[in-house]
Amino acid sequence: MTIARVTEVISSSPLSFDDAITVGVERAARTLHNIRGAWVQDQKVTVEGGKISEYRVTLKITFVLND
């Protein structure tokens, strides 16, 4: 029987939402093993001087627990 767990990760990038997602998943993979998926729960931007300065995402990372 497989048991999975979900943890929340918030990541950011000055480039794009896609990059923020990639950064978040890659960073989570350094600590969490057996990652099986990620769900983008929320997207936000930080604006400075009328321009987007940072893209932020809230990810729900699903990983399978070791036996």
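The values are calculated or read from the model by the stated rules, or taken from the named source; none is laboratory data. Just so you know, these numbers come straight off a predicted model, no measurement behind them. Just so you know, the surface numbers come from the protein's heavy atoms only, side chains and all, with ligands and any DNA or RNA stripped out. Shrake-Rupley method; radii C 1.70, N 1.55, O 1.52, S 1.80 Å.
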Rg (one decimal) and Dmax (whole number) from the Cα set of the chain, in Å, equal 13.8, 53
With Cα coordinates, the longest principal axis of the chain makes an angle with the long axis of helix 17-31, in degrees rounded to 10, of 40
Of the accessible area of the chain, computed with a 1.4 Å probe and all protein chains kept, carbon and sulfur make up a percent value of 50
